[in-house]
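Inspection log for the structure reproduced underneath, given as structure tokens.
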Amino acid sequence: MNKKSEVSKGLRSLLSNIEKTNNPVERGQLVRELTNSIATISPELIEINPYQVRTEFDADQLLELAQSIKTSGLIQPITVRAIGGNKYQLISGERRLRASKMAGINEIPAYIRVANDQEMLEMALVENIQRADLNAVEIAISYQRLMDECNLTHEALSARVGKNRSTVTNYVRLLKLPAQIQSSVKEGSLSMGHARALAGIENLVLQIKIYKEAVDKELSVRALEQLIKSYQSSNPVGRTAVSSQPNPEIHKIRDHFRQIFGAKVEIRRENNGKGTIILPFNSDDEFNNIVEILTKEN
């Protein structure tokens with residue numbers, strides 16, 4: 001192996017000292033020193049991060065980045081953690097790592113971190129949110145994973161990522177949207193503003209109807225908001241005429257229906273006892289499956 005691709009003796013010594021010391025003050029000083037140091041590492045020594053949020057990369061954009069790296073080098077270092085045996089695991093920067101390999105680069109700059117798996121996950125997701133070009137759905141997934149896998153509250157998460165609590169909540173709400181709306185956000189045909197407006201519609205049928213109209217007519221966020229207001233003021237299904245106190249029995253029935261039909265069944269019950277049961281489907285196969293279940297003899 002080319003000596004230039006090896007981590008410098010100074011950094012190796014620093015990593016070794018961090019592993020050996022049990023003094024929290026000394027360890028903290030060493031970790032801070034390591035944080036400010038940049039190593040040069042062979043891409044072949046770096047394992048892909050299993051916690052990476054983004055799993056799909058645009059081939060043309062990767063090629064463009066590879067050409068840029070071949071010409072100017074990798075300007076922004078990736079972040080890895082040492083896992084022993086002269087090996088490293090990626091924390092963030094998979095797009096840069098892939099492009100560097102495509103460019104045939106033998107060594108790339110990297111920040112080295114010392115972390116256990118949970119700390120690594122948290123650092124990876126936070127750095128992805130702050131530095132990577134993630135779309136709104138990918139950011140929402142990162143937020144949700146940080147809360148679920150690192151046991152963070154909305155308040156703690158907002159402090160980690162430097163965002164208002166309301167901003168975090170608005171992103172996480174996107175994960176409750178139907179898959180086709182989430183896909184449009186990921187593909188870029190809908191913005192975060194569009195998705196946020198659609199997420200405020202409780203009725204699934206109306207939500208899908210307005211979504212399709214927004215995409216077909218290429219509505220702006222303001223135009224979409226006006227469309228939602230017009231529907232909700234003229235369409236009883238769109239108005240929130242449900243009881244302010246959710247009935248737990250209705251929720252049990254709804255959840256039971258969801259298990260039976262494998263669909264996001266909604267039950268809308270007004271205070272006067274009237275209501276609707278919404279049973280959505282996204283294809284002829286799903287429709288036929290619902291019909292088969294409904295007409296099946298017991």
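The values are calculated or read from the model by the stated rules, or taken from the named source; none is laboratory data. Remember, it's a predicted structure, so these values are computed and weren't measured experimentally. A quick note on method: Cβ atoms are made from the backbone with ideal geometry, for glycine too, and the neighbour counts reach across all protein chains shown.
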> So, of the residues in region 103-124 that are at pLDDT 75 or above and of a type in the set (Val, Ile, Thr), which turns out to be farthest from Arg81 (Cα to Cα)?
Replying inline: Ile105
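From the list Leu157, Leu146, Leu175, which one is surrounded by fewer than 14 Cβ atoms within 10 Å (Cβ to Cβ) and either more than 15 Å from the chain's Cα centre (by Cα) or hydrophobic (A, V, I, L, M, F, W, C) (or both)?
Numbers: Leu157 fails: surrounded by fewer than 14 Cβ atoms within 10 Å (Cβ to Cβ); Leu146 fails: surrounded by fewer than 14 Cβ atoms within 10 Å (Cβ to Cβ).
Testing whether each residue is surrounded by fewer than 14 Cβ atoms within 10 Å (Cβ to Cβ) and either more than 15 Å from the chain's Cα centre (by Cα) or hydrophobic (A, V, I, L, M, F, W, C) (or both) leaves just Leu175.
Filter region 194-210 for residues that are in a helix (DSSP H, G or I) and of a type in the set (Gly, Ala, Ser); which is farthest from Gln232 (Cα to Cα)?
For region 194-210, the residue satisfying everything is Ala195.
Give the residues of region 213-222 that are of a type outside the set (Val, Ile, Thr) and either surrounded by 13 or more Cβ atoms within 10 Å (Cβ to Cβ) or under 16 Å from Met192 (Cβ atoms) (or both), sorted by residue number. Walk me through it before giving the result.
To start, the set of residues in region 213-222 that are of a type outside the set (Val, Ile, Thr) comprises 213-214, 216-220, 222.
Those that are of a type outside the set (Val, Ile, Thr) and either surrounded by 13 or more Cβ atoms within 10 Å (Cβ to Cβ) or under 16 Å from Met192 (Cβ atoms) (or both): Glu213, Ala214, Leu219, Ser220, Arg222.
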>> Return the residues of region 180-193 that are free of Cβ contacts under 8 Å to residues at least 60 places away in the same chain and either part of a helix (DSSP H, G or I) or at negative phi (or both); say none if nothing qualifies.
In response: Ile181, Gln182, Ser183, Ser184, Val185, Lys186, Glu187, Ser189, Leu190, Ser191, Met192, Gly193
> Say we look at region 238-289 and pick out the residues that are part of a loop (DSSP other than H, G, I, E, B) and charged (D, E, K, R); which of these is modelled with the lowest pLDDT?
Replying inline: Arg239
> Would you pick out the residues in region 37-95 that are touching a strand residue (DSSP E or B) at 6+ places or on another chain (Cβ under 7 Å), charged (D, E, K, R) and modelled with pLDDT of 85 or more?
Replying inline: Glu47, Lys87
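Within region 78-109, take every residue that is assigned to a strand (DSSP E or B) and of a type in the set (A, V, I, L, M) and give me the one that is surrounded by the most Cβ atoms within 10 Å (Cβ to Cβ).
Step one: of region 78-109, the residues assigned to a strand (DSSP E or B) are 78-84, 87-92, 108-109.
Add one more test, that the residue is of a type in the set (A, V, I, L, M), and what stays is 78, 80, 82-83, 90-91, 108.
Details: Ile78: 24, Val80: 26, Ala82: 22, Ile83: 12, Leu90: 23, Ile91: 28, Ile108: 25.
Looking at residues that are assigned to a strand (DSSP E or B) and of a type in the set (A, V, I, L, M), I get Ile91.
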>> Considering only residues that are in contact (Cβ under 8 Å) with a residue 40 or more places away in the chain and under 17 Å from Glu119 (Cα atoms), which ones fall in region 136-171?
In response: Ser142, Arg145
